[in-house]
Every structure is written in C-alpha cells, then in structure tokens.
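Shown next, in structure tokens, is the structure this report addresses.
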Amino acid sequence: MRHMLGGMSFPPSAAPCDDVQRVLCVFAHPDDVDFGAAGTVARWVDEGLEVSYLLVTRGDAGGFDETPREAMPGLREAEQRAAAAAVGVKQVDFLEGYADGSVTPSLALRKDLVAAIRRARPDRILTSSPLRRWDRIAGPSHPDHLAVGEAVTCAVYPDARNPFAHPDLGAAGLAAWTVREIWYSAGPDPDHAVDVTDTFDRKLAALRAHVSQTAHLHELDVMLRERLGGLAETLGLPGRLAEAFTIIRTE
C-alpha cells in the first residue's frame with residue numbers, strides 16, 4: 001500500500017504505453033514544464049516522439065525584478081519558446097484570456113483544452129497534479145497548477161472523447177479524441193522515475209532560458225542536482241538524476 005499523505009494520494013502508476021507517438025504538455029505558466037519535466041521531455045524528443053507545449057497563461061504575475069508588468073507576458077512567452085528549443089520542442093502554443101494567479105477549472109477552460117486536445121490528438125498528456133502536496137505547499141500546490149491539472153483531467157475524460165460534448169467543436173472539424181494516458185507532475189508520492197542524467201544539461205539550459213524567473217538563482221545547478229539526485233535515490237536509481245511522475249491510464 002502506498003503512503004497516503006493527508007489522506008489523499010494517487011494509486012500506483014500504470015505502466016506507460018510503449019507505442020506513444022504524440023505528447024501534449026499542458027501547464028499553467030511558462031517554466032512549469034521545465035522545472036518539473038524538461039529532462040524527460042528531452043528524452044522523449046530523442047526517442048522520436050512528437051512533443052508540443054500548451055500554456056494556459058503567459059505568467060504575467062511572475063518575475064523577481066522591476067520589469068514593467070505590461071512587458072512580462074511577451075517576455076515570458078519568448079523565454080518559454082527559447083526553453084522549448086533547448087530541449088528540442090518546436091510547437092509552443094498559449095491560450096488567450098487566462099491571467100496568472102486566477103485560473104480555475106472552469107467550463108470555458110475545459111472547452112479550450114478539449115479543442116487543443118482534439119487538434120493535437122496526443123496519445124499522452126503531461127500536466128500538473130490536481131492534488132495538493134501538504135508537505136511542500138510552495139511551487140507544486142500553486143492554485144493555478146492545481147486548477148490546470150483538474151481542468152486537463154476533465155477535458156481528457158469525459159469531454160475530449162465524447163462526440164456529443166461541445167458540439168460546436170465537432171461542427172468545426174475537431175472530432176472526438178481519446179487520450180490514452182496522463183502523466184502528472186509534482187503530485188504527492190510520484191512513483192515513476194525517468195532517468196534524466198544524460199539530459200540534465202538541456203534541462204538546465206531550458207530553465208536558464210527563463211531569465212526573468214531564474215537569474216536570481218545563483219546555485220540553480222546545485223539545487224537541481226540535489227533535488228533530482230534525491231528523487232533518483234528514493235526511486236531506486238542511486239547515483240543518477242531523475243524526474244518523477246504518476247501515470248494514469250485513461251482508455
């Protein structure tokens with residue numbers, strides 16, 4: 001039985017599908033995918049998977065300096081595109097109309113995500129956990145992260161696969177699509193490790209591309225190595241670096 005922190009956790013991860021071709025990564029803000037999964041994404045790209053990014057906001061509430069607020073969305077979009085290029089991802093899209101810090105798992109967001117899923121037709125979705133981590137409230141439990149994880153889950157099931165959901169999308173040529181699995185990042189008790197030792201330098205480059213968010217982190221390399229080394233040790237990969245996820249099959 002898995003340890004249950006605060007009475008709520010994911011079940012043990014399912015084995016990942018072995019014939020995935022397309023992956024859609026959906027996160028609330030620029031840099032979310034890179035802190036949690038850039039090493040894994042780099043591996044997927046190396047393995048020939050078609051990976052694309054969808055960001056719900058442009059991170060307008062982020063930053064650690066005196067950059068004018070009106071300049072932040074464009075700056076962070078450019079940073080995310082540079083970070084994606086560092087790990088080999090070419091397709092980066094942003095939703096419109098969602099502000100950093102006020103995302104909710106609304107029906108409007110679900111519909112926008114269904115449209116994106118039906119366009120991309122991914123076998124796998126990578127997103128943030130909809131479950132809060134009480135042991136680490138900062139970062140993983142940002143309300144935008146939780147909201148996006150919940151909205152993505154609802155968009156995967158039942159919305160995207162149901163031809164009678166959002167009929168205007170079907171009329172526009174976006175046919176129903178079944179996502180086969182969801183990978184959750186930053187949730188409680190992740191148990192599926194991905195060895196990112198060989199792609200760590202690309203993860204670090206991706207995070208350093210987010211200058212407005214990481215320039216003040218003078219020991220980013222050390223911090224990441226400690227965190228990923230600890231995950232690897234916990235999940236049976238001593239001496240390596242790992243990112244960790246929970247995998248849910250959705251078929």
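Label segment 1-99 by shape, choosing from rounded, prolate and oblate, from the square roots a ≥ b ≥ c of the eigenvalues of the Cα gyration tensor; if a/c is under 1.5 it is rounded, and otherwise prolate applies when a/b is larger than b/c, oblate when it is not.
oblate
In square angstrom, what is the accessible area per residue of the chain with a 1.4 angstrom probe?
45
So what's the back-of-envelope 222 nm ellipticity for the chain, counting only DSSP H runs of four-plus at -39500 (n - 2.57) apiece and dividing by all residues, rounded to 500?
Calculated at 222 nm, the ellipticity per residue is -11000 deg cm²/dmol.
Largest first and in whole Å, give the semi-axes of segment 94-156's equivalent ellipsoid, each being the square root of 5 times a Cα gyration tensor eigenvalue.
So the equivalent ellipsoid measures 21, 14, 9 Å along its semi-axes.
Rg/Rh for the chain: what does it come to with C-alpha atoms and Rh from Kirkwood?
Rg divided by Rh gives 0.95.
How high is the relative contact order of segment 90-150, in percent, with contacts defined as C-alpha pairs under 8 Å that are six or more residues apart?
41
How high is the relative contact order of segment 22-178, given as a whole-number percent (alpha carbon pairs under 8 Å, six or more residues apart)?
For segment 22-178, the relative contact order is 27 percent.
Work out the charge dipole of the chain with +1 on the Cβ of Lys and Arg and -1 on the Cβ of Asp and Glu about the Cα centre, then indicate which of C154, P12, F27 is farthest towards its positive end.
Farthest towards the positive end: C154.
Express as a percent, rounded to the nearest 5, the fraction of DSSP beta bridges in the chain (both residues included) that run antiparallel.
Close to 30 percent.
So if I place +1 on the C-beta of Lys and Arg and -1 on the C-beta of Asp and Glu, and nothing else carries charge, what would the dipole magnitude of the chain be about its Cα centre? I want it in debye, nearest 20.
Using Cβ point charges on Lys, Arg, Asp and Glu, the chain gives about 500 debye.
Would you kindly state the longest site-free stretch of the chain, with sites defined as chymotrypsin sites (Phe, Trp or Tyr not before Pro) in a DSSP loop (not H, G, I, E, B) surrounded by at most 11 other Cβ atoms within 10 Å?
65-163
Translational diffusion coefficient, Stokes-Einstein: compute it for segment 37-155 using the Kirkwood radius over C-alpha pairs as Rh, at 25 °C and 0.890 mPa s, and state it as an integer in µm² s⁻¹.
The Stokes-Einstein estimate is 159 µm²/s.
Restricting the calculation to Cα positions, tell me the Rg (one decimal) and the Dmax (whole number) of segment 83-216 in Å.
Rg and Dmax of segment 83-216, Cα atoms, are 16.3, 49 Å.
Taking 0.36 nm per intervening residue step and subtracting the Cα-Cα distance, what contour gain separates R81 from S106 on full extension?
In short, 6.3 nm is gained.
Of H166, T199, S185, which is farthest on the positive side of the dipole of segment 163-251, counting Cα position, with +1 on Lys and Arg Cβ, -1 on Asp and Glu Cβ, and the Cα centre as origin?
H166
The values are calculated or read from the model by the stated rules, or taken from the named source; none is laboratory data. None of these values were measured; they are calculated from a predicted model. Glycine also receives a Cβ, built like all others from the backbone with ideal geometry; neighbour counts cover every protein chain displayed. The protein model used for the area step is the full one, side chains on, heavy atoms only, and it has no ligands, DNA or RNA in it. Shrake-Rupley method; radii C 1.70, N 1.55, O 1.52, S 1.80 Å.
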